[in-house]
1. Of everything in region 90-99, what is more than 12 Å from the chain's Cα centre (by Cα) and surrounded by fewer than 16 Cβ atoms within 10 Å (Cβ to Cβ)? Give them in sequence order.
2. Scan region 22-38 for residues that are part of a loop (DSSP other than H, G, I, E, B) and either surrounded by fewer than 17 Cβ atoms within 10 Å (Cβ to Cβ) or touching an Asp or Glu at 6+ places or on another chain (Cβ under 9 Å) (or both) and jot them down.
3. How many residues are over 14 Å from G36 (Cβ atoms) and aliphatic (A, V, I, L, M) when one looks only at region 76-100?
4. Of the residues that sit in region 41-84 and are among the charged types (D, E, K, R) and either at pLDDT below 95 or assigned to a helix (DSSP H, G or I) (or both), which one is farthest from the chain's Cα centre (by Cα)?
5. Given the conditions (1) surrounded by 14 or more Cβ atoms within 10 Å (Cβ to Cβ); (2) under 27 Å from T2 (Cβ atoms); (3) modelled with pLDDT of 95 or more; (4) out of contact with any Ser or Thr (no Cβ under 9 Å at 6 or more places or on another chain), and given that L104 satisfies all but one, which numbered condition is not satisfied?
6. What are the residue pairs meeting all of these: first residue in region 68-88, first residue farther than 25 Å from R103 by Cβ, second residue of a type in the set (D, E), Cβ atoms under 9 Å, and 6 or more apart or on different chains?
7. Please list, ordered by first then second residue, the pairs with beta carbon atoms under 8 Å, 6 or more apart or interchain, first in region 1-27 and among the basic types (K, R), second outside any helix (DSSP H, G or I).
Amino acid sequence: MTSEILNAAENYYKAMHNKDLASMASHLHPHVQFVGPLADMSGKDAVLAAAKNFLPFLNSLTIRAKFASGNRAMLAYDMECPEPIGSFRSATLFTFEDGLISRLELFYDGRPFEQKGIFTQK
């Protein structure tokens with residue numbers, strides 16, 4: 001099970017890197033919860049809408065480390081966005097239900113986004 005959820009978590013971010021919303025959607029539970037420094041939301045449609053708004057700002061996403069335990073996986077990765085944001089480190093704790101991502105909890109420094117008024121929804 002742990003290798004399956006690691007693959008699913010990694011494939012979700014590979015789809016994001018490739019800006020493939022349909023593939024991202026295939027990994028999300030209909031009632032997925034998203035918790036992040038700048039926004040909290042529930043539901044597949046809301047999470048995909050937020051991703052759609054973010055994708056134009058994503059230049060690259062490189063996974064640095066990953067591990068899983070039970071129905072959870074954690075990925076550490078680097079994201080590269082255009083200036084003034086630039087490069088930033090992040091991590092996501094994934095929770096899975098029925099083989100789909102039911103919760104995404106993101107960890108990153110949101111200050112550069114807040115200072116520029118980008119993606120502030122809380």
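1. Answer for region 90-99, where residues must be more than 12 Å from the chain's Cα centre (by Cα) and surrounded by fewer than 16 Cβ atoms within 10 Å (Cβ to Cβ): E97, D98, G99.
2. G36, P37, L38
3. Count: 3.
4. Among those that are among the charged types (D, E, K, R) and either at pLDDT below 95 or assigned to a helix (DSSP H, G or I) (or both), it is E83.
5. (4)
6. Pairs that qualify, where the first residue is farther than 25 Å from R103 by Cβ and the partner is of a type in the set (D, E), are G86/E80; S87/D78; S87/E80.
7. Short answer, once both residue conditions are applied: K19/L58.
The values are calculated or read from the model by the stated rules, or taken from the named source; none is laboratory data. Nothing here was measured: the structure is a model prediction, and the numbers come from that model. Positions of Cβ are generated from backbone atoms using ideal geometry, with glycine treated the same way; all protein chains shown enter the neighbour counts.
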